[in-house]
Amino acid sequence: MASAMWLPDSETKFMSQPIGPDTIVRDAGPADAAAVAEIGKVAVPETYADIITDASVMKAIVDQSYALDALRDCIVRCARNDDAHFLVAERSGRIVGFLHYDCEGPQPELHRIYLDPQQKRQGIGSALLKELHHRLPPGSSYILMVVAANQPAVSFYEHHGFVEAARVDGVTYIHENMGVGFPPGMPEVLALILHFTRKESR
Ligand SMILES: CC(C)(COP(=O)(O)OP(=O)(O)OC[C@H]1O[C@@H](n2cnc3c(N)ncnc32)[C@H](O)[C@@H]1OP(=O)(O)O)[C@@H](O)C(=O)NCCC(=O)NCCS
């Protein structure tokens, strides 16, 4: 079984239970940064293909969000903090998805959850999210931002019990919260702030 062959490195907090015969969710380590970046470079343009049509803007977003050094630093920071989680889903020894959550901003936030597009709708996103929720203290809550037109993701979050808390301009939000720079005159993109509260009992 893949999980039995995997050994945690020194930066890894712990390994979670396997979610299927060939799939596990575990903490990311710095050596996973390249595989995570590869997924981000494919999944982000695919997700927003109909929403962000300017190729240079898309490239700028991906380049800034998935630069290897920044990604490695982010993974290491999450590994060192009890209230941050950078998780990867690994299928047959290959990384097929990831999730990044931390408490560095004004509110705890799920910043990204992306799968290899070939692996969608097989329960892997749910497995990543469930592992995060398993780790959060009962009663804790967090937010995330989702582009309103990203209907599959909105449905996914509704399925998991998220509720709408606010509507914002996604471009301003990403600029202010993630430091991504956009060219002047970028049109607004309607986005939803969704809220999740973990039940009191485990
Ligand atoms: C969103 C994402 C993480 C969901 O992960 P996933 O593994 O594909 O989703 P799951 O198989 O766990 O789906 C669980 C439930 O969510 C809902 N759901 C998931 N994808 C859906 C879709 N395309 N359309 C409608 N509902 C969907 C369904 O209720 C589904 O249950 P069901 O399959 O029994 O009907 C994944 O599809 C993805 O990476 N999408 C592109 C990136 C993205 O949009 N990320 C979020 C940015 S905010």
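Under the criterion of Cα pairs below 8 Å and six or more residues apart, the relative contact order for the chain equals 19 percent. By the scheme Lys and Arg +1, Asp and Glu -1, what is the net charge of all other residues having a beta-carbon under 15 Å from that of Glu188? Once positives and negatives cancel, what remains is -2.
For the chain, the longest principal axis of the C-alpha atoms and the axis of helix 68-80 are separated by about 50°.
Highest average first, the peptides 64-73, 88-97 ordered by how many other beta carbon atoms sit within 10 Å of their residues are 88-97, 64-73. Estimated at 0.36 nm per residue, the fully extended path between Lys120 and Asp82 surpasses their Cα-Cα distance by 10.8 nm.
Considering lysine pairs in the chain that are 8 or more places apart or on different chains, how many have Cα atoms under 19 Å apart? Lysine pair count for the chain: 5. From the square roots a ≥ b ≥ c of the eigenvalues of the alpha-carbon gyration tensor of region 123-202, which class results: rounded (a/c under 1.5), prolate (a/b over b/c), or oblate? Verdict is prolate for region 123-202. Calculated mean residue ellipticity at 222 nm for the chain: -11000 deg cm²/dmol, from DSSP H runs with n ≥ 4 weighted as -39500 (n - 2.57), summed, divided by the residue count and rounded to 500.
Classified by the C-alpha gyration tensor, region 23-197 has a rounded form. Its axis ratio a/c, with a ≥ b ≥ c, is below 1.5.
Relative to the longest principal axis of the Cα atoms of the chain, the long axis of helix 124-135 lies at roughly 70 degrees.
Every number in this text was worked out from the coordinates using simple rules, so none of it is lab data. Source: prediction; values computed, not measured. Ideal geometry is used to build each Cβ from the backbone, glycine not excepted, and the neighbour counts take in all protein chains shown.
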